[in-house]
Amino acid sequence: MTKKKTITARRSILSANDRQAAANTRLFKKLGLTTINVMASPGAGKTSLLVRLLQALSPHGSVGVIEGDVASSIDTEFIAGLGYPVTQINTDGGCHLNAVDISAALGELKISGPGFLFIENIGNLICPAAFDLGEQARLVIASVPEGDDKPRKYPGIFMKADVVVVNKIDTLAAFDFDRAAFTAGVRAVNPAAPILEVSCRTGLGIDALADWLLALQKAR
């Protein structure tokens, strides 16, 4: 009978990504860019929120966007049409961006600060949470139509959030969304991250989120 051998893997499978992420962090700092990794499920309003933030923050410095999608460049074309620097990453089926992707895209984007770089990650609530991109902060969006149970169903991404945004708050009357339940779900895994309510349609809450980001920039 052949004796089974157990192999213990002690080296992180993400070590190569983490090394590139550290290099990205150094480059962001050198360029004067406060970099925000924006994560959410499809349809939560990532691009709509980014446009609102670009409008609010552009008077305070440079702004730019790295757009991540499985396929197409729809959002990139929309943001470029508004006059903002943007570049596209297509993963061809990949469920997340990684630090190498960001390094390559930053070379194409060619922006420098002081200012903000937003990375719109692939739309899902699982894989993107595992990959450090070198960002300064992680912004996780949930939306009212998705329901209040997302922090309990996907605790990992909310655990790593630096700020949580509840989008489409103007639709609250039309959906069964329990604010207290949502907050309790976030607080169960993340006691510290601010939870901000916004409406990209009406502009409600955008200034408060922009102020949070400006404070983050000053704290670099």
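For the stretch 23-43, a residue qualifies if it is touching a strand residue (DSSP E or B) at 6+ places or on another chain (Cβ under 9 Å) and part of a helix (DSSP H, G or I), and the qualifying residues are Asn24, Thr25, Leu27, Phe28, Leu31. Of all the residues in the stretch 57-83, those that are aromatic (Phe, Trp, Tyr) and surrounded by 20 or more Cβ atoms within 10 Å (Cβ to Cβ) number 0. Per the listing Leu33, Leu54, the residue uniquely more than 13 Å from the chain's Cα centre (by Cα) and crowded, with 24+ Cβ neighbours inside 10 Å is Leu33. Checking each residue in the stretch 98-127 for being over 24 Å from Ser199 (Cα atoms), touching a residue at least 40 places away in the same chain (Cβ under 8 Å) and touching a strand residue (DSSP E or B) at 6+ places or on another chain (Cβ under 9 Å) picks out Ile102, Leu106, Leu109, Ile111, Ser112, Gly113, Pro114.
Going residue by residue through the stretch 146-166, is there one that turns out to be surrounded by 19 or more Cβ atoms within 10 Å (Cβ to Cβ), among the acidic types (Asp, Glu), touching a residue at least 24 places away in the same chain (Cβ under 8 Å) and in a helix (DSSP H, G or I)? So far as the stretch 146-166 goes, yes, one or more of its residues are surrounded by 19 or more Cβ atoms within 10 Å (Cβ to Cβ), among the acidic types (Asp, Glu), touching a residue at least 24 places away in the same chain (Cβ under 8 Å) and in a helix (DSSP H, G or I).
Residues checked against (1) of a type in the set (A, V, I, L, M, F, W, C); (2) surrounded by 20 or more Cβ atoms within 10 Å (Cβ to Cβ); (3) touching a strand residue (DSSP E or B) at 6+ places or on another chain (Cβ under 8 Å); (4) within 30 Å of Ala23 (Cβ to Cβ):
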site	(1), (2), (3), (4)
Asp178	no, no, no, no
Arg187	no, no, no, no
Glu197	no, no, yes, no
Leu209	yes, yes, yes, yes
Ala215	yes, no, no, yes
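Selection of first residues in the stretch 1-26 that are closer than 12 Å to Ile102 by Cα and of second residues that are at pLDDT 95 or above and among the β-branched types (Val, Ile, Thr), restricted to Cβ pairs under 7 Å at least 6 apart or on distinct chains, gives the following pairs, ordered by first then second residue: Gln20/Val100; Asn24/Ile102.
Set side by side, the residues Lys160, Lys168 differ, and just one is more than 22 Å from Gln55 (Cβ to Cβ) and in contact with a Lys or Arg (Cβ under 8 Å, 6 or more places away or on another chain), which is Lys160. Restricting the stretch 167-182 to residues that are outside any loop (DSSP other than H, G, I, E, B) and touching a residue at least 40 places away in the same chain (Cβ under 8 Å) leaves a set whose member that is nearest to Ile141 (Cα to Cα) is Asn167.
The residue of the stretch 132-171 that is nearest to Gln20 (Cα to Cα), among those that are small (Gly, Ala, Ser) and under 11 Å from the mean Cα position of the chain (by Cα), is Ala137. From the list Ile102, Ile79, Ile119, the one residue that fits, being in a helix (DSSP H, G or I) and either under 20 Å from Gly43 (Cα atoms) or not β-branched (Val, Ile, Thr) (or both), is Ile79. Just one of the listed residues (Gly107, Gly32, Gly45) is closer than 16 Å to Ile119 by Cα, of a type outside the set (Phe, Trp, Tyr) and at pLDDT below 95, and it is Gly107. Looking at Leu97, Leu14, can you tell me which residue is modelled with pLDDT under 95 and surrounded by 14 or more Cβ atoms within 10 Å (Cβ to Cβ)? On inspection, the qualifying residue turns out to be Leu14.
The values are calculated or read from the model by the stated rules, or taken from the named source; none is laboratory data. Just so it is clear, the structure is predicted and the values come from calculations on it, not from any experiment. Note: ideal-geometry Cβ built from the backbone for every residue, glycine included; neighbour counts use all protein chains shown.
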